[in-house]
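I have placed the structure first, in the form of structure tokens, so that the comments after it can refer back to it.
Read-outs: derived from the displayed coordinates by stated rules, not from any lab. Keep in mind that this is a model prediction, so the values were computed, not measured. Cβ: placed from backbone, ideal geometry, glycine included. Neighbour counts: every protein chain shown.
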Amino acid sequence: MPRTDLNDIVAFLAVARERSFTRAAAKLGVSQSALSQTVRGLETRLGLRLLTRTTRSVAPTEAGDRLLRAAGPRLEEIDAELTALTALRDKPSGTIRITAHDHAIRAVLWPALETLLPAYPDIKVEVVIDYGLTDIVAERYDAGVRSGEMVAKDMIAVRIGPDMRSAVVGAPSYFAGRPRPKTPRDLTAHTCINLRLPTHGGLYAWEFQKGKHELKVRVEGQLIFNGTTPMLDAALAGFGLAYVPEDAIQTHLATGRLIQVLADWCPPYPGYHLYYPSRRQPTPAFALVVEALRYRGDA
């Protein structure tokens, strides 16, 4: 295939990923008509229809989906290599996109970035809050942050935080006139603050373990959030029990604003890890971010 056809493939990939000629044209910096003509020219040379077009949507055909899956990752690898080579000429620069949830950002990401970024003004970091198990390759993130037990096996995982524990907590006003739960099953008689996980669209079942005995409890209450920060605020206001990371509530325990229960049912679990594709060629900027986040124990 002629070398110039690589640009045509790049044009097709943009449309296939965006599912829109308008958005793809804006992303590539070309007119919509020119982009449409480029894709039609590629289809003519291949003798195959790559996109199904309607007045409302654009979607890859079977042939288009095959080209998307085959060519997309390869061109991304080439682009990453070229970016890495270019970055070697100058000081570390570029944008690093990371997906994480709000507690991970507050507990590990921000403390490291707060120290790193002032020394490297040409590095930009975009952090997107997401509780889903995001496909960072498909969504074009450079890396994601999750607890160690949730990192896919085909990813490089770098530990960036200590082991963690979850905690069930409530305000003194909530416990006034209510017995404190002694086992996780007692939670069914309490008002609890739920967390909705976007990956499956369902509510998170609170997980407990004592020795070899494991339990999952689906709790009920008036409030449902998709992040731990508002859950904690609601618990502080006395609206029910919350199941949140233990390190987030230490100050409130010390001041008496929250009371912890079922601590013996909440064992430690693997701490946060930064993960990214094994085929990724790190840029100098990305390598600096990884090293800034790397967990070094008590060192």
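For Ser93, the residues whose modelled amide H falls within less than 5 Å of its own, excluding neighbours fewer than 5 places apart on the same chain, are Ala285. Altogether, the Stokes-Einstein calculation at 4 °C and 1.567 mPa s, with the Kirkwood radius of region 245-299 over Cα pairs as Rh, returns a diffusion coefficient of 87 µm²/s. Across the chain, how many lysine pairs, 8 or more positions apart or on different chains, have C-alpha atoms separated by under 25 Å? Please give the number. Taking the Cα cut-off of 25 Å, the pair count is 6.
Under the criterion of Cα pairs below 8 Å and six or more residues apart, the relative contact order for region 92-133 equals 68 percent.
With Cα Rg over 2.2 N^0.38 Å as the read-out, I listed (i) 1.00; (ii) 1.26; (iii) 1.35; which label goes with the value calculated from this structure? Computed from the coordinates, Cα Rg over 2.2 N^0.38 Å corresponds to (ii).
In this simple spin-label model, placing a label point 7 Å from the Cα along the Cα-to-Cβ direction at both Glu139 and Arg185 gives a separation of 3.8 nm. Between the residues Thr283, Thr188, Ile96, the greatest Cα displacement towards the positive end of the dipole of the chain, with unit charges on the Cβ of Lys, Arg, Asp and Glu, is found for Thr188.
The ranking of Arg45, Arg296 by Cβ neighbour count inside 10 Å, starting from the fewest, reads Arg296, Arg45.
Compared with the dominant principal axis of the Cα atoms in the chain, helix 32-46 is inclined by about 70°. Antiparallel beta bridges, as assigned by DSSP with both residues in the chain, represent about 65 percent of the total such bridges.
Taking Ala234, Ala11, Ala63 as the candidate residues, the one with maximal mean-square fluctuation in a Gaussian network model of the chain, Cα springs under 10 Å, is Ala63. Name the residue farthest towards the positive end of the dipole of the chain from the options Gly170, Ala119, Leu197, assuming +1 on Cβ of Lys and Arg, -1 on Cβ of Asp and Glu, about the Cα centre. Toward the positive end, the furthest listed residue is Leu197. Taking amide H as placed 1.01 Å from N in the peptide plane, Ser166 has its amide H under 5 Å from the amide H of Glu246, each at least 5 places away in sequence or on another chain. Were the residues from Glu76 through Glu126 laid out at 0.36 nm apart, the gain over their Cα-Cα distance would be 16.1 nm.
With the helix formula -39500 (n - 2.57) applied to DSSP H stretches of n ≥ 4, the chain reaches a computed 222 nm mean residue ellipticity of -10000 deg cm²/dmol.
If you average 1/r over every pair of different alpha-carbon atoms in region 166-265 and take one over that average, what Kirkwood value in Å do you get?
Numbers: mean 1/r = 0.0737 Å⁻¹.
Mean inverse Cα-Cα distance, inverted, gives 13.6 Å.
Counting only DSSP beta bridges with both residues in region 183-289, what percent are antiparallel, rounded to the nearest 5? That works out to approximately 60 percent antiparallel. The charge dipole of region 180-262, taken about the Cα centre with unit charges on the Cβ atoms of Lys, Arg (+1) and Asp, Glu (-1), comes to about 280 debye, rounded to the nearest 20. For helix 284-293, report the angle its Cα long axis makes with the longest principal axis of the Cα atoms of the chain; keep it between 0 and 90° and round to the nearest 10°. It works out to around 10 degrees.
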